[in-house]
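Working notes, structure below.
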Amino acid sequence: MPLLSLPKEVAVGTAMLGIAFATGVLAGKRYPSLIFGTPKSSKSVIGKNSPLWQYILDHSLREHPILKKLRLLTMEHPWGRMMVSSDEAQLMANLVKLIKAKKVIEIGVFTGYNALNMALVLPDNGRVIACDINEDYAKIGKPLWKEAGVEHKIDLRIKPAIQTLDELLANGEAETFDFAFIDADKESYNEYYEKCLRLIRKGGIIAIDNVFFGGNVVKPRKNDLAVQSIHRLNEKLLRDSRIGISMLPMADGVTLAFKL
Ligand SMILES: C[S@@+](CC[C@H](N)C(=O)[O-])C[C@H]1O[C@@H](n2cnc3c(N)ncnc32)[C@H](O)[C@@H]1O
């Protein structure tokens, strides 16, 4: 089957969205699938059951034991599939280390797998400004941030991420960050990108997750606001002379924007 041809999985994902929507509405809850679309594991470029996927993990993954613990714990959560994939997180950690980052932003923390992943490679005085609207998710990861001895490096800000980014800018922190990872509500991606671009220094990196949105960006439906938003940003980034760009076929697509 071609790598991007996942009709069955997409159909299952869509059905799950319908069920999540119905259940969410009935329970009066705001379900993440409404905001983020189909779960991550149904959106990998390389199928998670593929022998090649296993080969990649067997030959490249060096996961810290406490990260592994958090990954396994998160997978038990009903929305565990929102978690960033471990190979992608490892790329983030390598980039953070390579550019000797001290201040990083994560937009969309969930249980904090990638926040912990980045905190583990930051210097002791480094900081992850970790933005989310849901504290319950982060409560799952917090004990493990502590067990890993890096809790003090993760500054969790529970409010809409736009508000946190505006506060950082108002606080005079423009051009003081080294790295940003955007992984929350897709409709706000352009705003996140613009604010992060102001917050990071020249030579800093913005990583943007889910830029393929399950392959849907190839033929974005007019009424799908999340896909439209990502597709528009993808088009804009190609022509954005403020950055260098690489779009990687990893997980659900990751774009790296290098601030020039
Ligand atoms: C895909 S998950 C993030 C996964 C995470 N990066 C990881 O390491 O596993 C998306 C997260 O974005 C959060 N979110 C959604 N809308 C948000 C908003 N407006 N501001 C901040 N966080 C938001 C959700 O609560 C959810 O935890």
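The values are calculated or read from the model by the stated rules, or taken from the named source; none is laboratory data. Given the structure is predicted, the values throughout are model-derived calculations rather than measurements. Don't worry about glycine lacking a Cβ; one is built from the backbone with ideal geometry, like all the others, and counts go over all protein chains shown. The area values use the complete protein model at the heavy-atom level, side chains included, leaving out ligands, DNA and RNA. Shrake-Rupley method; radii C 1.70, N 1.55, O 1.52, S 1.80 Å.
When each of the peptides 165-173, 204-212, 118-126 is scored by how many other beta carbons lie within 10 Å of its residues on average, the order from highest to lowest is 204-212, 118-126, 165-173.
For a straight C-alpha distance cut-off of 27 angstrom, the lysines reachable from Lys222 (same-chain residues fewer than eight places away being disregarded) are Lys8, Lys29, Lys40, Lys43, Lys186, Lys195, Lys236. Across segment 88-96, rounded Karplus estimates of 3J(HN,Hα) from the backbone phi angles (6.51 cos²θ - 1.76 cosθ + 1.60, θ = phi - 60°) give 5, 4, 5, 4, 4, 4, 5, 5, 4 Hz, Gly and Pro being marked x. In a reduced charge model with +1 at each Lys and Arg Cβ and -1 at each Asp and Glu Cβ, segment 65-259 shows a dipole moment near 400 debye about its Cα centre.
Using a Förster distance of 41 angstrom, determine the FRET efficiency expected from the C-beta separation of Asn223 and Asp124, and round it to 0.05. Computed FRET efficiency for Asn223 and Asp124 comes out at 0.25.
Our estimate of slack between Ile162 and Glu147, defined as 0.36 nm per intervening residue step minus the Cα-Cα distance, is 2.4 nm. Given a 1.4 Å probe and the protein chains as shown, Glu63 ends up with an accessible area of around 40 Å². Amide hydrogen proximity for Arg157: with H placed 1.01 Å from N in the peptide plane, the residues at 5 or more positions away or on another chain lying under 5 Å are Ala130, Cys131, Asp132. Near the amide H of Leu248, within less than 5 Å, lie the amide hydrogens of Val254, Thr255, Leu256, all on another chain or at least 5 residues away, with H placed in the peptide plane. Counting only aspartates and glutamates at least 8 places from Lys69 when in the same chain, those with an alpha carbon closer than 20 Å to its own are Asp58, Asp87, Glu88, Glu135, Asp136, Glu147, Glu151. Normalising the Debye intensity of segment 101-260 to I(0), with uniform scatterers on Cα atoms only, and taking log10 at q = 0.10, 0.13 Å⁻¹ returns -0.35, -0.59. In this model, which of Lys48/Lys139; Lys68/Lys142; Lys159/Lys202 are farther than 23 Å apart at the alpha-carbon? Over 23 Å Cα-Cα: Lys48/Lys139; Lys159/Lys202.
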